[in-house]
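Below you'll find the structure, written out as structure tokens, and then a few comments.
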Amino acid sequence: MKKYKFILFFTVFGLLSTMSCTDLVENVLDEQLGADLVNNPQNIESLINPPYGSLRRTIEWYDYWALQEVSTDEVIIPTRGTDWYDNGDWQQLHLQTWTADHGRMKNVWDALSQGVSRANTAIYYIGQFNQNATTEQYINEARFLRAYYMYLINDLYGQVPFREADEVDFSVSPVVLTSKEAADYIIGELTAILPNLKTKTEVGSERVTKGAAQALLAKIYLNYEVYGGEAKWTEAIQYCDELINSGTYAVANDYWEMFQKNVAEHSEFILRVPMDDKVDMGSGSVWVNFTLHYSQTFGNINSLWNGPSTTKTFYETFDQENDARFYDDRNRAELGFNQGFMVGQQYAINGTPLKQRNGDPLVFVPEINIGSSPENAGVRVNKFAPNANTERQFSSPNDVPIMRISDIYLIRAEAKLRKNDVAGALADVNYIRGKRSASGKTLPLLTTITLEDLLKERGFELYWEGLRRQDLVRFGKFTSAWQEKPATDATKSLYPLPTSAVDVNENLKQNPGY
Amino acid sequence: MYSQKARFSMELKNVTLKQVFDEIEKNSEFIIVYSDDMVDVSKTVSVNADDATVNAVLDQAFQKTNLSFVISDRQIAITAKPANVPINSVQQTKELNGIVNDSKGEPLVGVTIYVKETTIGTTSNFEGSFTLEVPADAKTLVFSYIGFQTKEIEIGTQTLFSIILQEEVLELEEVIAVGYGVQRKIDQTGATDRLTEENMNKSVAGSPIEMMQGRVSGVNITQNNGEPGSGMSVRIRGSNSIRSGQEPLYVVDGIPLDNADITPNGGTAAGINESSNKNPISFLNPEDIETIDILKDASSTAIYGARGANGVVIITTKKGKSGEGTINYDGYMGVSQIREKMDLLSAAEFRSYTKPNGSKLLDLGASNDWQDEIYSTGITQSHNLAYGGGTGKFNYQTSLGYLDQEGIVKSTGIQKMNGKIKVSQKAFNDRLNLVGSLIASHVEDYRAPISETGGFEGDLILTSLKLNPTYPIFNPDGSYYQHDKDQRNPVAMINLVNDETQTDRILANMSADFEIVKNLTYKLNIGLDRTVAERRVNQDKQLNYLGNKGEADINGITANNRLVENYITYLKDINEDHRFNFLAGHAYQYIKVTTSEMNVNGFEVDDILYTNNLQYGNFSAADVNSSAYKRELQSFFGRVNYSFQSKYLFTATGRADGSSKFGENKKYGFFPSAAFAWRVSEESFLQGIEKLSTLKVRLGWGLTGNQEIPDKISLLAVGTTPSANGYFNGTLSPGITFLRTPNPDIQWETTMQTNFGIDFGFYDNRLSGTIDVFNKTTRDVLLEVPSKAPAAAQTQWQNVPDLRIINNGVELGLNGLLMDKKDLRWEIGGNFAFIKNEVKDLPVKLIETGNASGQGLSGTRVQIITNGQPVGTFYGMVYEGLDANGMSIYKKDADGVEVKEYLGSALPDFTYSLSTNLKYKEFDFSMFWYGSAGSKVYNNTANALFLKGPLDKGNNVTKAVLESKESPDNSNAFSSRFIEDASFLRLSNVTVGYTFDTKSIDWLGKARIYVTGNNLLLFTDYTGFDPEVSTDASEAGVPSMGMDYTSYPKPRTFTFGVNLQF
């Protein structure tokens, strides 16, 4: 009897024990852990997508764009009473009093580093497949994108941590390239892949093309004096010539055409970031929400922030009368406001004058004070036309060009001018100006040109397109005084490395002055 | 009479008297007392009874003995028959008379009185008096009675005795739960506290956690806000980590619960983010709880290994007691109101404001107090019926509870239905003991659009604070007046949002104890904890701020937690001096949690709730999401208790814990502990000191872990994310990229704790207390550190080896029985704790958290974790007042640059509580105060709303703002201006009760009525609703503390209740 009891007992015990034995392997249920994914040649499209996806971060207004624009005379985000102080971030950015702990330093560093890393991942895994024309094309595209993100990092921070695509032990601190080393490396990469890249005619400007590589080379050579300490104007001119002479690109006769909603391909575009407000892109630029006043609602867009404006200094450089680039009215019936610079009384779609929240009329005035401004202070700027009937009011309906042919003309003009080819420079600048007359008006052509004029022209053509800081640095004006901003130390031409990056990579040495 | 009710069936042949007594005690509530000197219990007897009374059983048993018995209620005193004193004795005798009373003067019935070292004795009768014939040379009389201290009296020439017996202080016999068993409190070596019904916070306590609040030293409990059933943050002995996952382990009837959040997400809108989480163990019915044991030091918690670092809370539910069934009914009705509204401008005061340019604010003519529109009186009712009893072999306890609690914000509340059954059955000659329990609960939460954080557009509370009081509620056509999407109508928000969560939870548990051989017991424990929660949120299309024609959210969570434990215990005594208790076991736990989410907008219908038929909306464009994870834990554990002469107590434990979450190189962790206690008062050299009744010194050390690390972080992840997708030719295609850098070495955080404690009692323990001093150091702190860019992912999880989080503390608990008379009993108690927290060797300069909410505060993080400072330190500019223009002045350095400084921590320096209980005749009175000192709170509400600028723009503000000299152009930059002292003292609870005399009513065992007031008084300098608040403003998983942003205010509640026993 007793024996049976124990046999029974141990049987039950044994049965129960088996249901409780485990090797503790973690089974992930809601993610593809993915070793198979990246090793499957079927997924080649999926591998090249991520580095392209990071381009969207570079046009996000509070990310890379903010570091190239808010620190210049083009954009000012004033504190409006209890609005927009935001930890002092925007004041510091505009007045150039930032430190290594400024929130944007880390965000932009991380975003651009992610672009480099995604490109590396694509290069590495596509490189493991059996090679063919497609793998070669995609690897070249990824190499361009890696070079592009490294160029952006170098432009902002003046040094670039670097890993080869097959350096996959991420616990090792990567080597750090100096500004010159980085520029040379990027030039080397671009020239290596250039012959094998597709053309815009073949793949469109939404993909990396030969033209994009030429444009990037032109930009790096134009800035090489900043990056590498010596002038390379001839090389810059050479790549501009190649682009302009290719016949693939044309300066628009209607300046505002390329900034309309739902415009995809355009003759001006060399490389664009495709955006669509019908699709969740994970990030996307908010071109109107952040600048319009709270009352300027239209269509489905009702969340407006009344933030960034432009400085009076910059606003007043314009030939407001004759320059088509200053103002455009074609969407007023749908939006209630114009494209370009918004100044004076603002109206609703039905034409009634709008009011501020306290009941005063909504009149935008150029006078602005960064520390304390009323709601209506500052001339507003809106370059890209929004979609009034959008379903995602924070997604852009516009494809955004990050390189376009007018910029190339101005790069060539500048390089020529710096080589004292005044005639050549005038020809290029006047070619652009010739296309930019306001309707019924004529924008006067220039008869003489100085570097000052050229910088102004770049402002007229490319304002709020994320290029201003680089231009001001190259022209030696970035740390000069304007409006409220006092002259700052020359070390401000480079941003500080974010504290979080210096904390973990001992090869990074903080930039001077921080 | 109990002795008539209790019935026995037994057939015992040639057993010892002891066995008969044991049988009686086991199957009834009788306690049998006798003196070994007088009663020889080894004598063999036989009993054959069938449904017989105890008198019949004992009469049979005593047939051939010289013994007799006296029954007094549930006590049976056995004495030798006086008749058996040899009659032929030649000795001279004398007669002694006397009376025996307790300390209150009540006669004691059935006290055993005998002459020392003889069998001559008797028992006291119903008047407490006795008569005893003793030999003339008898020297000493002994008085012994269960529950009282035995007294010896020299007889001398005295013949009349008036004896007072002192009650034995029950605390000495208290048992405490220690994890996988119980232990006598006197044998305890660690720092633990036990709460029983006596000292738990009661009335309108929706959850067991509230019942602990303020009651245990070193346990800091903050109710996140005043919403019914709102989340709690419980920190036992400080903050050990800089991540979330700092909640203690809850063990309910032997089942360790999973702390996963089981609140489904709600609906959101611009300016209204996720609402706060709900309390994880609010599913338990407070009335079902018998005891709560709080294990604080590592020597106590190490038996829970990788889950012990945050302390352990062991909750034991009520079980049936042998005897006839009793029915208990407990019910109450409560009325809750807002304690104090914000002192906002009335419509008239608002109109009185003139802007600097001379103009007036927008005035639409109405006069509304928006706070009055959203707050109302909340009615709470609770009914609880419990029934329990048993035969000794089979015991049962069942209960049914119902709670309907209305919040003080209209349309908010909680309804809870609980059922519980617990049965136990003994078999195989009592060698097998089976216990089964089932706790089921159904909770319905009704919520308003109130969120933890949120934008300037505002949730309900924010709207009620800032909205222009001259706006009307309705348009002339009867529709809601909605001025703007950021100036919402709070009445519309209440009426047009319907937010209901239904949560069903079952906690089932079955355990079997089997005594294999004497003193060797095997125990099997199987548990299941399953939760299904569904939340449905409807936001009506009439709400103008939605912009998407109404929105419906249906979100669900299911959580499964399964447990199998096998363990053996072995007791071994080596002569009287050495006692061993061994425990060894294995545990396996499996946890799986799945979630699902659906969001549809664009509804055209008016008359039904959208969630009831999503097809009416733009369902083809629904946003859907789901997730799932599962976890396994496997553990091997053991414990040895050794006691030498009951004076020197040793405990050693060890647990090897493995978790599927840990990296493949670190699957198992080992967590040892050791403790020693010395019962100094048992030493002979202290026996002479009468005033000292207890003195025990404890010393403990142990390592525990915190395995509440995120899932999946040890593994590489490659996958898709929207930002990696490609968009070419107008088509979206997935992008595959690295989402996470793997770390195969990832493991638990380790906390080492040493504890030194003293337990003391004076004057028969009428004054007793405990002092504990501890040091708690956490290492291997888990941090999400930046990767070395460019890397697969931007951050990586690491255990940072050098980083330490240190908590040093002193805890003191005191209890005094100041008066103990027949009609008056007065007790007073207090708890005090100092805890100092410090972070050392952080590998990065600082970690930011505490995201401020509100306009102009984007990117503002007010709290940091940095070296040399406690967790929860506020950091920012130092406000020095307003200048002549009404602009803020901040402290500047020599270069004129505004400096940032440490502005204090949200952790208190010192917490305390005071309680008192007074019984006078049939009345009882209790009062409970608690408070904290030295902590800071960030008044985010004031920073976002209560300044001149918002008033100038047409928002309502507090009266102080209207009077201030601040300029409307002044910015609301975060600074010390908005860091306030959070010290407070709260009168948490006052109860007055009256117990009826039910002796004459035979169907009624007990009847008591009471009135309680909760949250009656609050003394604080804080200008917000309540300084005891915790809005979740975490940044990248680093929790914030002491943040207050438009929190749901805590109500003041008055309750009337009744306790009945049948």
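The values are calculated or read from the model by the stated rules, or taken from the named source; none is laboratory data. This one's a predicted model, so the numbers in the text were calculated from it and none came from an experiment. So basically every Cβ, Gly included, is an ideal-geometry build from the backbone, and we count neighbours across all protein chains shown.
Worth pointing out:
- Qualifying positions in region B:566-614 - of a type in the set (Phe, Trp, Tyr), crowded, with 18+ Cβ neighbours inside 10 Å and away from chain A (no Cβ under 14 Å): B:PHE603, B:TYR610
- Residues of region B:681-699 satisfying the condition of being more than 32 Å from the chain's Cα centre (by Cα) and either crowded, with 17+ Cβ neighbours inside 10 Å or outside any loop (DSSP other than H, G, I, E, B) (or both): B:SER681, B:GLU682, B:SER684, B:PHE685, B:LEU686, B:LEU692
- Of all residues making up region A:137-175, the number that are assigned to a helix (DSSP H, G or I) and touching a residue at least 40 places away in the same chain (Cβ under 8 Å): 19
- Scanning region A:79-96 finds no residues that are aromatic (Phe, Trp, Tyr), farther than 28 Å from B:LYS845 by Cβ and either touching a strand residue (DSSP E or B) at 6+ places or on another chain (Cβ under 8 Å) or at pLDDT below 95 (or both).
- Test: residue in region B:763-780 that is touching a strand residue (DSSP E or B) at 6+ places or on another chain (Cβ under 6 Å), in a strand (DSSP E or B), of a type in the set (Phe, Trp, Tyr) and closer than 30 Å to B:ARG740 by Cβ: no
- Scanning region B:807-843 for residues that are closer than 28 Å to B:LYS666 by Cα and under 24 Å from the mean Cα position of the chain (by Cα) returns a single hit, B:ASN807.
- Selection status of A:VAL176, surrounded by fewer than 20 Cβ atoms within 10 Å (Cβ to Cβ), within 19 Å of A:ALA111 (Cβ to Cβ) and touching a strand residue (DSSP E or B) at 6+ places or on another chain (Cβ under 9 Å): yes
- Contacts under 6 angstrom Cβ, first residue in region B:990-1013 being within 16 Å of B:THR916 (Cα to Cα), partner crowded, with 16+ Cβ neighbours inside 10 Å and basic (Lys, Arg), 6 or more apart: B:GLY993/B:ARG1008
- All positions within region B:76-118 that are crowded, with 18+ Cβ neighbours inside 10 Å, modelled with pLDDT under 80 and among the polar types (S, T, N, Q): B:THR79
- B:ASP909 meets the conditions (1) touching a helix residue (DSSP H, G or I) at 6+ places or on another chain (Cβ under 8 Å); (2) within 22 Å of B:ASP1032 (Cα to Cα); (3) touching a residue at least 60 places away in the same chain (Cβ under 8 Å) in every case but one. The failed one is (1).
- When region A:67-86 is filtered for residues that are more than 14 Å from every other protein chain (Cβ to nearest Cβ) and either among the aromatic types (Phe, Trp, Tyr) or farther than 17 Å from A:ARG380 by Cβ (or both), the ones remaining, listed by number, are A:LEU67, A:GLN68, A:SER71.
- In region B:711-758, residue surrounded by the fewest Cβ atoms within 10 Å (Cβ to Cβ) [restricted to those that are at the interface with chain A (Cβ under 7 Å from one of its Cβ atoms) and of a type in the set (Val, Ile, Thr)]: B:THR721
- When residues in region B:228-278 are screened for being among the β-branched types (Val, Ile, Thr) and touching a Leu at 6+ places or on another chain (Cβ under 9 Å), 6 of them pass.
- Annotation: B:PHE978 fulfils all but one of (1) away from chain A (no Cβ under 13 Å); (2) touching a strand residue (DSSP E or B) at 6+ places or on another chain (Cβ under 7 Å); the unmet one is (1).
- Single condition A:SER396 does not satisfy, out of (1) away from chain B (no Cβ under 14 Å); (2) over 22 Å from A:SER71 (Cβ atoms); (3) among the small types (Gly, Ala, Ser); (4) crowded, with 20+ Cβ neighbours inside 10 Å: (1)
- Screening region A:218-323 for helices (runs of 4 or more DSSP H) wholly inside it with 1 or more residues that are under 30 Å from A:PRO374 (Cα atoms) returns the ranges A:312-315.
- Any strands (runs of 3 or more DSSP E) falling wholly within region B:102-193 and containing at least 2 residues that are among the β-branched types (Val, Ile, Thr): B:112-115, B:121-123, B:129-135, B:140-144, B:160-165, B:175-177
- Of the residues A:SER406, A:SER372, the single one that is within 18 Å of A:PHE326 (Cα to Cα) and either over 28 Å from the mean Cα position of the chain (by Cα) or outside any loop (DSSP other than H, G, I, E, B) (or both) is A:SER406.
- Of all residues in region A:348-383 being among the hydroxyl-bearing types (Ser, Thr, Tyr) and crowded, with 19+ Cβ neighbours inside 10 Å, the one that is nearest to the other protein chains (Cβ to nearest Cβ): A:SER372
- Scope region A:390-443; condition farther than 15 Å from A:ALA236 by Cα and among the charged types (D, E, K, R); matching residues: A:GLU391, A:ARG392, A:ASP399, A:ARG404, A:ARG433, A:LYS435, A:ARG436, A:LYS441
- From the list B:GLY401, B:GLY436, B:GLY389, the lone residue that is in a strand (DSSP E or B), small (Gly, Ala, Ser) and modelled with pLDDT under 90 is B:GLY389.
- Among residues of region A:475-513, those that are part of a loop (DSSP other than H, G, I, E, B), within 14 Å of chain B (Cβ to nearest Cβ) and either over 21 Å from A:VAL160 (Cβ atoms) or under 25 Å from the mean Cα position of the chain (by Cα) (or both), counted: 8
- Among the conditions (1) surrounded by 17 or more Cβ atoms within 10 Å (Cβ to Cβ); (2) touching a residue at least 12 places away in the same chain (Cβ under 8 Å), B:LYS840 misses just one, which is (1).
- Some residue of region B:257-271 being part of a strand (DSSP E or B) and farther than 30 Å from B:TYR642 by Cβ: yes
- Test for B:GLY365: is it in a loop (DSSP other than H, G, I, E, B), more than 14 Å from chain A (Cβ to nearest Cβ) and closer than 26 Å to B:LEU951 by Cβ: yes
- In region A:226-238, residue modelled with the lowest pLDDT [restricted to those that are over 22 Å from the mean Cα position of the chain (by Cα) and surrounded by 18 or more Cβ atoms within 10 Å (Cβ to Cβ)]: A:GLY228
- Here B:PRO356 passes the criteria (1) modelled with pLDDT of 95 or more; (2) part of a loop (DSSP other than H, G, I, E, B) except the one numbered (1).
- Yes/no for B:ILE461 being among the aliphatic types (A, V, I, L, M) and in a helix (DSSP H, G or I): yes
- A:GLU225 passes every criterion in (1) without any contact (Cβ under 8 Å) to a residue 12 or more places away in the chain; (2) more than 14 Å from every other protein chain (Cβ to nearest Cβ) apart from (1).
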